[in-house]
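Following: one structure in structure tokens, then a few remarks.
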Amino acid sequence: MRLLVTGGAGYVGSVSARILLAAGHEVTVLDDLSRGHREAIPEGAELIECNLLDLPKLTESLGGGFDGVLHCAAFALVGESVTQPELYWRNNITGSLNLLDAMRANGVKRLVFSSTCACYGEPEVVPIAEDCPTRPVNPYGESKLAVDRMISAEAAAHDLGAISLRYFNVAGASGPCGEDHEPETHLIPNILRAAQGLLPHVSIFGTDYPTPDGTAVRDYIHVEDLANAHLLALEQTVQGSHKILNLGNGNGFSVREVIEAARRVTGLEIPVVEAPRREGDPPMLVAASAKIRAELGWEAKRPELDTMISDAWAFAQSHPSGYHSHS
Ligand code: UDP
């Protein structure tokens, strides 16, 4: 298929573009490079530099006879969404509306969307199934949920075939493509920065959660397993239907367990400081992953936490200050 990947210069988008190319698809990346990295775009993918808010250029860009779109472009920092919600309404919601307009104008009928478990907020029941009530607790989650709803209506009204994948915690790297955010707020990259001496220590945000060791529990999924789910989803959209599927392994690891795994993988003593809870962090987020396994035939090839950390470690060592240290 001829596919457009929005946000293909970002972490998930670049790895997904790599996997789509390896599966024999033709890939064009559409990215404004505001948060992504030119160096992350895989060889063989063409780049269109375009912001989703530029509707005329976006509509023209979608005109090349595309079979489908993988929509990863978004702002994705929870804390920033609380202090600057307007960025999230405009970029994530208006940007996605423009994308649907541009797809409709060009007759592109296949869409896979990067959604998030943040749509569920602080669920009462874990593991989280797709019928869990959606009650986001920050504008980031609200913006993704709004787009999920927009896509459902678009599929019903205009015969779009769409699948939203609600990601849990993405981790690891894929060859030359890895995680490079500035500022970095995620646990595993920060642990590895502390291991490299680039941070004096890693903070454990909250040690009084109602979990076995008092630290928050998350469901980590290898970015290549995540990317494979996008490939399967793009192949299996059905016109007029919008499916929402959770994408996680169904296994929870606490912050302390992740730090122990990183010590094991790196062989380094990683300095740790206990700190108060980070605002808005739920105690436990673990996916019920039966639906995606049944509906897409997806299965994880790298479910072990140590594999995710060791792949992230290889990327961190070859890119000590992110992509810029490499270009
Ligand atoms: N966390 C932490 N120290 C850090 C970064 C994160 O203790 O430096 C915790 C965070 O509070 C959460 C978990 O690790 O409970 C995963 O956080 P991350 O930001 O990686 O992903 P999130 O679950 O927030 O999307």
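The values are calculated or read from the model by the stated rules, or taken from the named source; none is laboratory data. Note that this is a predicted model, so its numbers are computed, not measured. No Cβ is skipped: glycine too gets one built from the backbone with ideal geometry, and neighbour counts run over all protein chains shown. With ligands, DNA and RNA removed, areas are computed over all heavy atoms of the protein, side chains included. Shrake-Rupley method; radii C 1.70, N 1.55, O 1.52, S 1.80 Å.
For the chain, count the residues as N, evaluate 2.2 N^0.38 Å, and divide the Cα radius of gyration by that value, please.
On the way: Rg = 18.8 Å, N = 327, 2.2 N^0.38 = 19.9 Å.
Expressed relative to 2.2 N^0.38 Å, the Cα Rg reads 0.95.
Each Lys or Arg adds one and each Asp or Glu subtracts one; over the other residues with Cβ under 15 Å from the Cβ of L245, this totals -3. How charged is the neighbourhood of V137? Take every other residue with its Cβ under 11 Å from the Cβ of V137, and add Lys/Arg as +1 and Asp/Glu as -1. Around V137, the charge tally is -3. Here the accessible area of the range 213-271 is 48 percent carbon and sulfur, with a 1.4 angstrom probe and all protein chains present. Around the Cα centre of the chain, unit charges on the Cβ atoms of Lys, Arg, Asp and Glu (plus for the first two, minus for the last two) sum to a dipole of about 320 debye.
Measuring spread by the Cα atoms of the range 65-208 yields a radius of gyration and Dmax of 17.4, 54 Å.
Whole angstrom only: what separates the Cα centroid of the range 1-25 from the Cα centroid of the range 248-277? Cα centroid to Cα centroid, the span is 30 Å. Find out how many positive minus negative residues lie around A173, taking Lys and Arg as positive, Asp and Glu as negative, among other residues whose Cβ is under 13 Å from that of A173. Around A173, the charge tally is -3. Taking trypsin sites (Lys or Arg not before Pro) across the range 215-310, the ones in a DSSP loop with at most 16 further Cβ atoms lying within 10 angstrom of their Cβ are R277, R278, K301. Karplus-derived 3J(HN,Hα) values for the range 136-147, using 6.51 cos²θ - 1.76 cosθ + 1.60 with θ = phi - 60°, are x, 10, 8, x, 4, x, 4, 5, 5, 5, 4, 5 Hz; glycine and proline are entered as x. In the range 208-269, the alpha-carbon atoms span a convex hull of 98 Å³ per residue. Ordered from highest to lowest accessible area with the whole protein assembly present and a 1.4 Å probe, S96, S34, S241 read as S34, S241, S96.
With a Cα-only, solvent-free Debye model of the range 29-135, what are the log10 I(q)/I(0) values at q = 0.15 Å⁻¹? Computed log10 I(q)/I(0) values: -0.76.
Using alpha-carbon pairs under 8 Å, 6+ residues apart, how would you state the relative contact order of the range 239-321 in percent?
Values: 47 pairs, mean separation 37.4, N = 83.
Once normalised by length, the contact order is 45 percent.
Using the reciprocal of the averaged 1/r over all distinct C-alpha pairs, how large is the Kirkwood radius of the range 231-327 in Å? Before the final figure, lay out each step's value.
Working: mean 1/r = 0.0594 Å⁻¹.
Hydrodynamic radius (Kirkwood, Cα only) of the range 231-327 equals 16.8 Å.
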